[in-house]
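In what follows, a single structure is set out as structure tokens and then discussed.
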Amino acid sequence: MMSASRATVLWGLVAEHAAAAGRRVTIGDVCAVAVASARASGGWVAAASGRGPDFVLYVTDPVSEQLAELQLLLGEGPSHDVLAAAAPVLGADLGDKESARRWPAFTAEARSTGATAVFVFPLMIGAIRSGIIGLYRSSPGPLSSQQLGDCLLLADTATVLLLESLDGGTAAADGNGHGTRPGGQSPGLAVHRVEIDQATGMLTEQLGVTAAEAFARLRAYAYARDRRLADVAGDIVARRLRLDPDPGQVGL
Amino acid sequence: MDSELLSGTFVELADTMVAEFDIIDFLHMLTDRSVALLAASAAGVVLADPRGELRVAAASSDAAGMAELFQIQNDQGPCLDCFRTGHPVTAADLADPGTPWPRFAVAATQTGFRAVEAVPMRLRDQVIGALNLFRATPGAFEPADLRIAQALADVATIGLLQERSLRRSETMAEQLQAALNSRVVIEQAKGKLAERLGTGMDEAFRMLRDHARNSNQRLTDVARDFVDSTSADFPT
């Protein structure tokens, strides 16, 4: 299994994309790399805190913009479904009966833009929601398993970037990520540890905050001390470590 | 083999599939029953995430060291070999110095296990995961036990296909991600409840599951509502 290294490769591509534009990594860089990895025609990112997308953060092209706006306008589409089901929607062919049945209004409008396949991923960590990332193609066909894996890894990266930008109180319309992290380290979740989820839940109680804030505090604590997230989470789960409700303590 | 226990297990699993269905609750029940039926010490269902990682969807125990045992198998172990080959893989004695998985063997024996069996979860030509069975004593599993283990692994696969299939048709890839996210929600809820009540994770899980059953809700919904809730009460 090669998850950690693949995540690192993808993070390198995201960082390269940002460097080429001469700025810090933004959610737009992640979206652009997802489009390239999936051989998609374009993509979009929308913020979401509930069961539907709230507003559009980034689009790569006019068709993506139409697709993203359409779903906000119509109140239906794959972006809504991914948030409700907490699972991706892999719509390899908008011309099939299934798409027409699931999203009658969206499917018709989307096809008129020239999109024939849509792939939408929730930006979620368990109960924590930060948005969705969508991709479209102008020819039908499924994602390969490698493309699917890349999209899932990039969605993880986008989730964390969005949470960082929202948490820092610096949420910009372009979803700039201002969180601190050790140089070059991917903000993804490729190596999954159950202790991170359990510790996040424990911190909601210790700190009296939402799960999104608890996760941000856990990351901030680990990075401020240059420790691995999983190790800090392990200490919290083993009850060797408690975090102080005063956020000043962890340098947020 | 206790045939009453066996038939009872399959009746119970089938019952779960026609009620409000929660994949993680179902897989957890399956690991618990695997332990009882197959004289195992612990069991876990591991799923292959397209991100390139084997992830635990459900385990019969949260005992210290269990998570690590599954994590190590991303590099080496009977589960990884089972996933790669699509065939059952047996480790009859992990204390055997000739073991092909030295790191895994050390971690497993330290956790108290001497024998492991991994049976594949197959969907047509694709291996989507594996059922892992751990025993505290060395020795190969009986062929009759292995047949039951494979049947349980097959039922786990059917359970994944079942998830929300009545609502709309979805690909296995979508179902798998939904299951993995459900697990994360449940772990977050376990952490929150364990912290609130000062209990262990296993006890917190039992309370969440009992509440879901008593109120006829899906475990994942109960867990998500609890994580989202700002109320000081549980159940909320």
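Were the residues from B:SER215 through B:LEU123 laid out at 0.36 nm apart, the gain over their Cα-Cα distance would be 29.8 nm. With the simple spin-label model, which puts each label point 7 Å out from Cα in the Cβ direction, the A:ASP61 to A:ALA36 separation comes to 1.5 nm. With a simple spin-label model that places each label point 7 Å from the Cα along the Cα-to-Cβ direction, the separation between A:ALA224 and B:ILE158 comes to 5.3 nm.
Normalise the Debye intensity by I(0) for segment B:3-167, one equal point scatterer per Cα, no solvent, then take log10 at q = 0.13 Å⁻¹ and round to two decimals. Result of the Debye calculation: -0.56.
Under 18 Å from a label point set 7 Å out along the Cα-to-Cβ vector of B:ALA232, the amide N atoms of segment B:189-205 belong to B:192-199. The mean count of C-beta atoms from other chains within 10 Å of the C-beta of residues in A:98-107, rounded to a whole number, is 1. What does the C-alpha gyration tensor say about the overall shape of segment B:177-227? Classify as rounded when a/c is under 1.5, otherwise prolate if a/b is larger than b/c, or oblate. Since a/c reaches 1.5 but b/c is at least a/b, the shape of segment B:177-227 is classed as oblate. Taking 7 Å steps out from each Cα toward its Cβ at A:GLU98 and B:ALA140 produces label points 4.2 nm apart. Computed over every Cα-Cα pair of segment A:1-93 and binned at 5 Å starting from 0, the pair-distance distribution P(r) comes out as 3, 13, 19, 22, 20, 14, 8, 2, 0 percent. How would you classify segment A:194-250 from its alpha-carbon gyration tensor, with a ≥ b ≥ c the square roots of the eigenvalues: rounded for a/c under 1.5, else prolate if a/b is greater than b/c, otherwise oblate? Rounded shape, in that the Cα axes give a/c under 1.5. Each stretch of four or more DSSP H residues adds -39500 (n - 2.57); spread over every residue of chain B, this sum gives -17000 deg cm²/dmol at 222 nm.
Counting, for every residue in A:230-238, the Cβ atoms of other protein chains within 10 Å of its Cβ and taking the mean gives 2. Tell me what chain A gives for mean residue ellipticity at 222 nm when only DSSP H runs of n ≥ 4 count, each as -39,500 (n - 2.57), the sum divided by the residue total, rounded to 500 deg cm²/dmol. One gets -15500 deg cm²/dmol as the mean residue ellipticity at 222 nm. Looking at the square roots a ≥ b ≥ c of the eigenvalues of the Cα gyration tensor of segment A:3-167, which shape do they give, rounded for a/c under 1.5, prolate if a/b is larger than b/c, or oblate? Prolate shape, in that a/c is at least 1.5 and a/b is the bigger ratio. If you plug the beta carbon distance of B:THR199 and A:ASP231 into 1/(1 + (r/R0)^6) with R0 = 25 Å, you get a FRET efficiency near 0.60. Sorting the segments B:221-233, A:211-223, A:56-68 by their mean number of nearby beta carbons within 10 angstrom, highest to lowest, gives A:211-223, A:56-68, B:221-233. Look at the stretch A:5-14: the mean tally of other chain Cβ atoms within 10 Å of its residues' Cβ atoms is 1. Report the paramagnetic label zone for B:ARG84: residues of segment B:34-62 whose backbone N is under 17 Å from a point 7 Å from Cα along the Cα-to-Cβ axis. The answer is B:48-49, B:52-55.
Every number in this text was worked out from the coordinates using simple rules, so none of it is lab data. These figures come from a predicted structure and were not determined experimentally. When we count neighbours, we look across all protein chains shown, and the Cβ atoms used for this are built from the backbone with ideal geometry, even at glycine.
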